[in-house]
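Chemist: First the structure, then my questions, so here it is.
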Amino acid sequence: MLQGTVFDIQTYSLHDGPGIRTTVFLKGCPLACVWCQNPESQHHQPEVLLYLERCTGCGQCVSACPRQAIWMADGKSHTKRNVCEGCGKCTEICLNAARILSGRVWSAEDVFTEIKKDEAFYRRSGGGITLSGGEPLAQAEFSAAILSMCKQAGLHTAIETTGMARWETLEKVLKYVDLILYDLKHMDPKSHQKYTGASNDLILKNLRRIRRNYTIPIVARIPIIPGYNADLKNIEDTARFIVDEMGSDTKVNILAYHRLGETKYDRLERDQSGVSITPPNAGQMADIQKTIEAFGLTVFIGG
Ligand code: SF4
Ligand code: SF4
């Protein structure tokens, strides 16, 4: 039985492809974007989210931890993240829900059973299921198993991907996919390396290869992150790339940075103090939309 790590399953999702969908968020990502709004998705193993404001300092979790990963300071518990293995024992013993485990191991069959519960909504709305993350290609066998069961059941399937994977890995998954939501974060390889931890070479190469070898529709998704990729040059370079390599009939989604993920860094006891991003306002998003539309593309704000 194939197993993988999932950190969220969202039902009634309206932003990850057509119609009403169930979006399955898989843990693990090969990139580490400075602006990541789901930092709990980056590591493969389950992780503890620490709600310090709920911690009474009782110390129960210290004795429960088999790895001696928890220490107390100023009447609150803290975690040695490089020692914690995500077993979840501290989350089970904490009566105040100050420790919550993000991510748990699922079988592909159990994920499919969960997905099937909303089948009637997918059929009525023209929806389906979307695998997101993290990066679904980081758990390619598990993703392929879920998608294959969905295809056999006649459900529409989509993946939201960074495209950062070996071609052989991509191919394992693509045979079960009806729609690809492909992230384009930065056109300049050096900036891409600096802000995400990897060059965009493989990502762009894979995108060209998908276009050549498959007829699966691709939606280009551009996160708009002021100070990082929202400058006119990068927006124009991205639009030009889409027209040249994907065709002017490609749909484009521009996704505004939001602050909802910022508290998650505190929950993960990660220092994000050096990063300060102001979300783009409606006027900036409309300007970016117009800039891309000038290349003949159809652009939607949001998913
Ligand atoms: S068990 Fe919960 S409340 Fe007690 S010290 Fe640990 S995190 Fe805090
Ligand atoms: S998840 Fe397990 S290893 Fe990590 S701090 Fe809690 S008890 Fe210790």
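Every number in this text was worked out from the coordinates using simple rules, so none of it is lab data. Predicted model only: the values in this text are computed from it and were never measured. Cβ coordinates were reconstructed from backbone atoms using ideal geometry, including for glycine residues, and neighbour counts include every protein chain displayed.
Chemist: Whose amide H sits under 5 Å from the amide H of His156, counting only residues 5 or more places off or on another chain, with H placed in the peptide plane?
Modeler: For His156, whose amide H was placed from the backbone, the distant partners under 5 Å are Ile129.
Chemist: Right, here's the next one. All other residues with a Cβ under 15 Å from the Cβ of Ala64 taken together, and with Lys, Arg as +1 and Asp, Glu as -1, what is their net charge?
Modeler: Summing Lys and Arg as +1 and Asp and Glu as -1 gives +2.
Chemist: Also, I was wondering about something else. What length, rounded to one decimal in nm, is gained on full extension from Ser276 through to Ser107, with 0.36 nm per residue of separation minus their alpha-carbon distance?
Modeler: Numbers: separation 169, 0.36 × 169 = 60.84 nm, distance 3.83 nm.
Full extension from Ser276 to Ser107 adds 57.0 nm.
Chemist: Compute the relative contact order of the range 48-102 as a whole-number percentage, counting only Cα pairs closer than 8 Å that sit 6 or more residues apart in sequence.
Modeler: On the way: 85 pairs, mean separation 25.9, N = 55.
Once normalised by length, the contact order is 47 percent.
Chemist: Among His192, Gly261, Leu170, flag the residue with its Cα farthest along the positive direction of the charge dipole of the chain, charges on Cβ as +1 for Lys/Arg and -1 for Asp/Glu.
Modeler: Toward the positive end, the furthest listed residue is Leu170.
Chemist: Find me the longest stretch of the chain that has none of the exposed trypsin sites (Lys or Arg not before Pro), where exposed means in a DSSP loop (not H, G, I, E or B) with at most 16 other Cβ atoms within 10 Å. Numbers along the way, then the final one.
Modeler: Details: sites that count: Arg67, Lys80, Arg81, Lys117, Arg166, Lys175, Arg259, Arg270.
The answer is 176-258.
Chemist: Moving to a separate point now. With a 10 Å cut-off between alpha carbons and a GNM built on the chain, which of Ala138, Ala69, Ala220 moves the most?
Modeler: Largest GNM mean-square fluctuation: Ala69.
Chemist: Another question about this same structure. Given only helices, namely DSSP H runs of n ≥ 4 each adding -39500 (n - 2.57), what is the per-residue ellipticity at 222 nm of the chain, to the nearest 500 deg cm²/dmol?
Modeler: That calculation yields -9000 deg cm²/dmol at 222 nm.
Chemist: Quote the charge dipole size of the range 169-303 about the Cα centre in Debye, to the nearest 20; the model charges only the Cβ of Lys and Arg (+1) and of Asp and Glu (-1).
Modeler: Dipole of the range 169-303, to the nearest 20 debye: 400 debye.
Chemist: Considering only Met1, Thr238, Cys150, whose Cα is most displaced toward the positive end of the charge dipole of the chain, charges sitting on Cβ of Lys, Arg (+1) and Asp, Glu (-1)?
Modeler: Ranked along the dipole, the leading option is Met1.
Chemist: Compute the distance from the alpha-carbon center of the range 98-138 to that of the range 75-92, in whole Å.
Modeler: Each part's Cα centre sits 26 Å from the other's.
Chemist: Okay, moving on. At what distance in angstrom do the alpha carbon centres of the range 149-168 and the range 232-286 lie from each other?
Modeler: Measuring centre to centre over Cα atoms gives 23 Å.
Chemist: Can you tell me the mean projection area, over all orientations, of the convex hull of the range 1-50's alpha carbons? Units nm², please.
Modeler: Dividing the Cα hull surface by four gives the mean projection, 5.1 nm².
Chemist: Then there's this: Give me, ordered by chain and number, the residues 5 or more places off Leu268 or on other chains with an amide H under 5 Å from its own placed amide H.
Modeler: Under 5 Å from the amide H of Leu268: Leu50.
Chemist: Which shape class applies to the range 62-210: rounded if a/c is under 1.5, otherwise prolate when a/b exceeds b/c and oblate if not, where a ≥ b ≥ c are the square roots of the Cα gyration tensor eigenvalues?
Modeler: Verdict is oblate for the range 62-210.
Chemist: Restricting the calculation to Cα positions, tell me the Rg (one decimal) and the Dmax (whole number) of the range 48-102 in Å.
Modeler: Using the Cα atoms of the range 48-102, the pair Rg, Dmax is 9.6, 25 Å.
Chemist: Also, I was wondering about something else. For Asp74 paired with Gln45, estimate the spin-label separation in nm (one decimal), with each label point 7 Å from Cα along the Cα-to-Cβ line.
Modeler: Placing both labels 7 Å beyond Cα along the Cβ direction yields 2.7 nm.
Chemist: Please give the charge dipole size of the chain, origin at the Cα centre, charges +1 on K and R Cβ atoms and -1 on D and E Cβ atoms. Round to the nearest 20 debye.
Modeler: 260
Chemist: In addition: Taking 8 Å as the Cα distance limit and 6 or more residues as the minimum spacing, I'd like the relative contact order of the chain as a percentage.
Modeler: Dividing the mean separation by the residue count of the chain yields 19 percent.
Chemist: Over the range 1-114, how many percent of alpha carbon pairs lie in each 5 Å bin up to the one with the longest distance?
Modeler: All Cα pairs, binned at 5 Å, distribute as 2, 11, 18, 18, 18, 15, 10, 6, 3, 1 percent.
Chemist: While we're looking at this one, here's another question. Ignoring solvent entirely, what values of log10 I(q)/I(0) come out of the Debye formula for the range 72-111 at 0.17, 0.27, 0.31 Å⁻¹ when each Cα is a single scatterer?
Modeler: Cα-only, vacuum Debye calculation for the range 72-111: -0.58, -1.06, -1.17.
Chemist: Let me ask something additional. Jot down the radius of gyration and Dmax of the chain, Cα atoms only, both in angstrom.
Modeler: Final numbers for Rg and Dmax: 20.3, 62 Å.
Chemist: Putting +1 on Lys and Arg Cβ atoms and -1 on Asp and Glu Cβ atoms, find which of Gln37, Gln284, Gln68 reaches farthest to the positive end of the dipole of the chain.
Modeler: Ranked along the dipole, the leading option is Gln68.
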